[in-house]
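The values are calculated or read from the model by the stated rules, or taken from the named source; none is laboratory data. These figures come from a predicted structure and were not determined experimentally. FYI the Cβ positions are ideal-geometry reconstructions off the backbone, even for glycines, and counts take in every protein chain you see.
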Amino acid sequence: MGFFGRLATLIKSNLNDLISRSEDPEKMLTQIIVEMNKQLIEAKKQVAVAIADEKRLKKQNDNEAGTAAEWERKAMMAVRAGDEELAKEALMRKKEHDSVAAQYADQWQKQKTATDQLKLALRALNSKIEEAKRKKNVLIARARRAEAMKSIQETMSGLSDTSAFDTFDRMAEKVDQMEAEAEAGSELAEEYTGDVLNHKFRELEATAGADQELEALKRKMGLVEEAPAPAVSARVETSEEEDMSADEMAELDEALEELKQREMGR
């Protein structure tokens with residue numbers, strides 16, 4: 001199993017553990033992103049190690065190739081000096097370094113191929129994590145909306161029981177009854193303990209007002225002819241007051257004054 005295969009297995013294991021331990025989608029998604037970032041950091045470290053190995057192999061290959069080239073230069077120098085045996089020894093040393101350089105070159109090429117694959121996988125993993133970060137807020141919003149809808153449905157289910165509404169209606173009727181009883185009690189109190197005469201006059205005024213409104217409506221509809229204005233008498237008729245004695249007038253004035261004072265005190 002490759003490195004990223006092991007990484008995927010580790011992430012999946014961590015996610016399954018988080019899912020089993022958490023029921024809050026928001027907390028779980030946030031923790032998942034944290035775990036992904038931790039694994040991404042570890043993956044970057046492993047890729048960095050692979051890149052370092054690739055560079056080391058390349059450097060060793062270059063060193064061996066350079067050493068081989070140096071022994072070849074020495075072999076040429078020996079040939080120019082007429083020392084063929086020394087030239088052969090130099091060429092043997094060159095061959096040794098060429099062999100080692102070839103091995104390093106093979107290892108470096110394989111390491112470079114693996115490193116390039118790791119880089120691609122790392123970029124893909126990073127893109128997936130960034131995508132998960134962007135989707136996290138959307139998923140959280142969806143989870144919150146679903147939770148709100150669930151709460152509303154539960155509330156509506158609870159209200160589907162008619163007993164709550166029946167109780168509400170019964171309380172409304174009770175309040176209406178209390179108000180009616182209070183109004184009736186107030187009327188009775190005025191009837192038996194208040195000014196009975198004043199109460200009768202208020203009833204009379206209400207009846208007279210209704211009669212006047214009815215008369216005006218009939219007149220507007222043309223059902224009643226306008227009554228002719230009464231003629232003004234040229235003389236002032238003798239009032240009943242003239243037939244009253246002075247004592248009766250004084251008694252009447254006193255009663256009227258008492259009635260006025262009572263009205264002002266109410």
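If only residues of segment 48-61 that are touching a helix residue (DSSP H, G or I) at 6+ places or on another chain (Cβ under 8 Å) and surrounded by fewer than 18 Cβ atoms within 10 Å (Cβ to Cβ) are counted, the one that is nearest to Gln109 (Cα to Cα) is Lys58. Scan segment 36-45 and give yes if some residue there is more than 17 Å from Asp116 (Cα to Cα), exposed (fewer than 12 other Cβ atoms within 10 Å of the Cβ) and modelled with pLDDT under 60, otherwise no. No, that holds for no residue. Residue count for segment 109-128 satisfying the condition of being surrounded by 17 or more Cβ atoms within 10 Å (Cβ to Cβ) and either out of contact with any Asp or Glu (no Cβ under 9 Å at 6 or more places or on another chain) or within 30 Å of Met76 (Cα to Cα) (or both): 4.
Listed here are the residues, each with its yes/no results for (1) touching a residue at least 12 places away in the same chain (Cβ under 8 Å); (2) within 60 Å of the chain's Cα centre (by Cα).
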{"site": "Asn37", "(1), (2)": "yes, yes"}
{"site": "Val79", "(1), (2)": "no, no"}
{"site": "Gly82", "(1), (2)": "no, no"}
{"site": "Leu91", "(1), (2)": "yes, no"}
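Considering segment 176-235, the residues that are among the basic types (Lys, Arg) and at pLDDT 65 or above include one that is farthest from Glu258 (Cα to Cα), namely Lys220.
Of the residues in segment 98-119, at least one is under 42 Å from the mean Cα position of the chain (by Cα) and in a helix (DSSP H, G or I).
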